[in-house]
1. Using a cut-off of 13 Å between beta-carbons, work out the net charge of the residues near ALA198 (Lys and Arg +1, Asp and Glu -1, ALA198 not included).
2. Return a whole-number percent for the relative contact order of the chain, with Cα pairs under 8 Å and 6 or more residues apart as the contact set.
3. I want the antiparallel fraction of DSSP beta bridges within the chain, as a percent rounded to 5.
4. Please compute the modelled spin-label separation between LEU164 and THR61, points set 7 Å along Cα→Cβ, answer in nm with one decimal.
5. Pairing the Cα long axis of helix 73-82 with the longest principal axis of the chain, what angle in degrees results, from 0 to 90 and rounded to the nearest 10?
6. Per residue of region 264-270, what does 6.51 cos²θ - 1.76 cosθ + 1.60 with θ = phi - 60° give for ³J(HN,Hα)? Whole Hz please, x for Gly and Pro, Karplus curve as stated.
7. Given the protein chains as shown and a 1.4 Å probe, how many square angstrom of CYS131 are accessible, to the nearest 10?
8. Using only alpha-carbon positions, what ratio does the radius of gyration of the chain give when scaled by 2.2 N^0.38 Å?
Amino acid sequence: MPLAVARDVPTLRAAAARLGRVALVPTMGALHEGHLALVREARRHADAVVASIFVNPLQFTAAADLARYPRDEAADLAKLEAAGCALAWLPAPEAMYPAGFATAITVSGLTERWEGAHRPGHFAGVATVCCKLFTQTGAPVAVFGEKDWQQLQVVRRMAADLDLPVRLIGHPTVREADGLAMSSRNRFLSPEERARAAALPAALREAAALLADGREAAPVLAAAEARLHAAGMGSDYLALVDGETLEPLAAATPGARLLAAMRLGAVRLLDNWAVPSA
Ligand code: AMP
């Protein structure tokens, strides 16, 4: 089936209704294999897939980051069609936030640490746009990547708190051959930085194995951080947390997760790793 494209809410609603039970995959475009894996996962849970491409100004803290965010609509549409997506939702900012728009959704607690502490307002922007995307499409299912672990927990909390009739599915992070999590921002790494970036998943994998053995978190995290600094990265955070509440842990418990944000050149590398239960 050829890919349909909607650029305003009435067109989207009419097209989604014709498709039956749809699964939503929200994205900001510059699509890679990670996004396409979500589309393929979504196909298993509904009659058809709707993917949104919207670089959401509300969730950017730095204007420069928003301005340089990669955009490649033609290539994205071709990839979505090839992955079996039925409908692309491409709102202009004015279609998403018409003049006079004045509503925001804030999720407290979960959003105060980690990404939320480094990017004030980011998760209110994410929660607000996701709530709109759910109600615009009427999707009973939406698929998100575990790559953005905190985002997934925030959206789950919001959907539960607001009784939104959407089931959220998390999909494991898709990685490059050397372990680096795929990301639209990886293209901003120089070849030399790109080679060093693989130190992050390697450090997370090793730390997760030690923590699964019952080691105390503090020395394990300090050693991993030292290794990442030696690879030229600056750290925003590297933490062992409860996978749902995101509260820090002194040692692994079932469902524990390592969360990391590292700076390498002009790029923030975001990654996370499950700590297997002993
Ligand atoms: P983004 O376009 O980066 O905002 O991401 C859109 C969706 O794709 C989010 O649910 C992300 O978590 C997910 N995603 C991004 N990169 C990956 C990846 N490497 N593997 C799996 N999901 C991803």
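The values are calculated or read from the model by the stated rules, or taken from the named source; none is laboratory data. Everything numeric in this text was worked out from a predicted model, so none of it was measured. Don't worry about glycine lacking a Cβ; one is built from the backbone with ideal geometry, like all the others, and counts go over all protein chains shown. Protein only, heavy atoms only, side chains kept; ligands, DNA and RNA dropped before computing areas. Shrake-Rupley method; radii C 1.70, N 1.55, O 1.52, S 1.80 Å.
1. Working: positive: ARG175, ARG194, ARG196, ARG205, ARG227; negative: GLU176, ASP178, GLU192, GLU193, GLU206, ASP271.
With Lys, Arg at +1 and Asp, Glu at -1, the neighbours total -1.
2. Working: 511 pairs, mean separation 48.0, N = 278.
Contact order relative to length: 17 percent.
3. Percent antiparallel among DSSP bridges in the chain is about 50.
4. 2.2
5. Value to nearest ten degrees: 90.
6. For region 264-270, the Karplus curve yields 9, x, 8, 10, 9, 8, 10 Hz.
7. 20
8. On the way: Rg = 18.9 Å, N = 278, 2.2 N^0.38 = 18.7 Å.
Rg over 2.2 N^0.38 Å, computed on Cα atoms: 1.01.
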